[in-house]
Amino acid sequence: MDLAAANQLLCDELYDAALVAYGSAIDGDDKCAAAYAGRAAIYLRLEKYTNALQDANAALAEDGACEPALYRKGLACFHLDEFETALDSFQKGFKLLGADAAAAATRKYAMWARKCEAEIEDEDSDSEEEEEEDVPVVPAAPIATAPADEGGVKVVPCDVKYQYYQTNSHLTITLLAKNVKEEDAEIVITETTLICKLKRDGGKSEMTVISGELYDPVVPAECKVKYFSTKIDVKLKKKDAFNWNELLKGDLIGEPKKKPPTFKPAPASTTSTATPYAGKRDWHQLEKEMEAELEKDKPEGEEALNKLFQDIYGKATPETRRAMNKSFQTSGGTVLSTNWGEVGKTDYEDGENRQAPNGMEWKNWEGEKLPQKTSD
């Protein structure tokens with residue numbers, strides 16, 4: 001199946017068939033960037049963001065200037081909480097639009113870039129403002145051990161506090177320790193446990209900040225540790241998406257475990273809406289405000305015509321959309337009909353119905369003139 005057929009199925013929102021069609025196109029030409037980019041669009045609509053990112057990267061590997069692939073990579077990375085990569089993709093895609101790009105295209109890039117910058121600002125900000133409910137500050141309990149281990153390192157009581165916050169997909173722990181180098185920290189993350197130790201006095205002493213069994217399993221390969229001048233951030237990728245009641249399931253490793261707490265869904269908030277993003281901004285309200293601003297801008301000329309078609313398409317039935325897509329694409333952009341009863345029976349590519357804009361004519365790749373309907 002060719003790429004045009006796959007694109008048609010995507011326009012008709014027949015995603016399962018479109019996936020098969022794009023797969024066939026890729027099998028026929030594994031260097032086809034457009035096929036990878038098209039399949040990435042389907043995965044985005046199905047909310048399979050990892051698959052979308054893989055296809056967008058495959059498209060860019062074949063064509064680094066593929067603007068749709070850059071845009072779809074940005075969307076996938078944003079929903080995977082990779083905000084810096086998403087911003088980079090949106091910025092590169094915006095540069096490829098050029099000065100004659102439609103206003104709607106530039107606006108969508110500006111909106112998503114703004115979202116990324118806000119999320120990065122929230123993610124990298126110093127989380128030193130204590131919030132009693134959302135960001136509990138927990139002093140680590142001292143561990144009763146021998147004054148020194150076999151290597152001669154003195155174990156000292158912990159005086160470092162930590163705090164954490166979470167989304168459905170991630171939990172970020174902030175160790176409130178200043179000027180800690182990577183070599184002076186030992187952070188071990190397994191699927192079910194977390195150990196955070198810090199060295200002091202040039203490695204002569206050591207303290208344990210966190211050491212316990214996590215409330216629920218994580219994905220170690222997707223967990224990250226970042227070192228800042230005022231803190232250390234440990235970002236855990238949850239295996240199952242839900243809010244944890246606690247960070248640790250029981251007491252310190254090696255001591256008797258307490259009975260795990262029973263999970264209770266968090267009470268619904270009456271003042272805010274939960275979102276899957278790290279920031280606390282109300283993106284729904286922000287999008288409403290941006291839409292209101294766009295409505296104030298009255299398009300002119302070709303942009304106004306395109307907006308009219310978009311409004312018709314957006315309010316149309318699936319049958320009307322199918323008619324618009326088929327008539328416009330198979331006629332080479334010379335026919336746009338909303339009557340599926342007529343379009344479904346008409347082949348705009350045969351000689352009787354094929355027509356060209358005034359002053360133009362249809363030719364094949366060899367330059368031979370093709371039969372076409374004469375203008376009235």
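The values are calculated or read from the model by the stated rules, or taken from the named source; none is laboratory data. Small disclaimer: the values here were computed from a predicted structure and weren't measured. Backbone-built Cβ (ideal geometry, glycine too); neighbour counts: all protein chains shown. Remember, those area values only see protein heavy atoms, side chains included, never the ligands or the DNA or RNA. Shrake-Rupley method; radii C 1.70, N 1.55, O 1.52, S 1.80 Å.
The residues in region 20-35 that are open to solvent by 40 Å² or more (accessible area, probe 1.4 Å) and assigned to a helix (DSSP H, G or I) can be counted, and the count is 5. Residues in region 213-254 that are of a type in the set (A, V, I, L, M), closer than 19 Å to VAL160 by Cα and open to solvent by 40 Å² or more (accessible area, probe 1.4 Å) were compared, and the one that is modelled with the highest pLDDT is VAL225.
Yes or no: region 29-45 includes at least one residue that is of a type in the set (Ser, Thr, Tyr) and closer than 28 Å to LYS115 by Cα. Looking through region 29-45, at least one residue is of a type in the set (Ser, Thr, Tyr) and closer than 28 Å to LYS115 by Cα. Considered as a group, the residues in region 82-98 that are of a type in the set (D, E, K, R) and open to solvent by less than 80 Å² (accessible area, probe 1.4 Å) include one that is modelled with the highest pLDDT, and that residue is ASP88. With respect to (1) open to solvent by 10 Å² or more (accessible area, probe 1.4 Å); (2) of a type in the set (A, V, I, L, M); (3) modelled with pLDDT under 85, the lone exception for ALA6 is condition (1). Taken together, the residues in region 196-206 that are open to solvent by less than 40 Å² (accessible area, probe 1.4 Å) and at pLDDT 90 or above amount to 2. Condition test on GLY38, is it assigned to a helix (DSSP H, G or I) and either closer than 20 Å to ALA6 by Cα or out of contact with any Asp or Glu (no Cβ under 7 Å at 6 or more places or on another chain) (or both)? For GLY38, the condition - assigned to a helix (DSSP H, G or I) and either closer than 20 Å to ALA6 by Cα or out of contact with any Asp or Glu (no Cβ under 7 Å at 6 or more places or on another chain) (or both) - is met. Which of the following residues is of a type in the set (A, V, I, L, M) and more than 31 Å from the chain's Cα centre (by Cα): VAL225, VAL218, VAL188, VAL209? Going through VAL225, VAL218, VAL188, VAL209 in turn, just one is of a type in the set (A, V, I, L, M) and more than 31 Å from the chain's Cα centre (by Cα): VAL209. From the residues in region 41-64 that are of a type in the set (Asp, Glu) and part of a helix (DSSP H, G or I), which one is least open to solvent (accessible area, probe 1.4 Å)? Top of the filtered list is ASP55.
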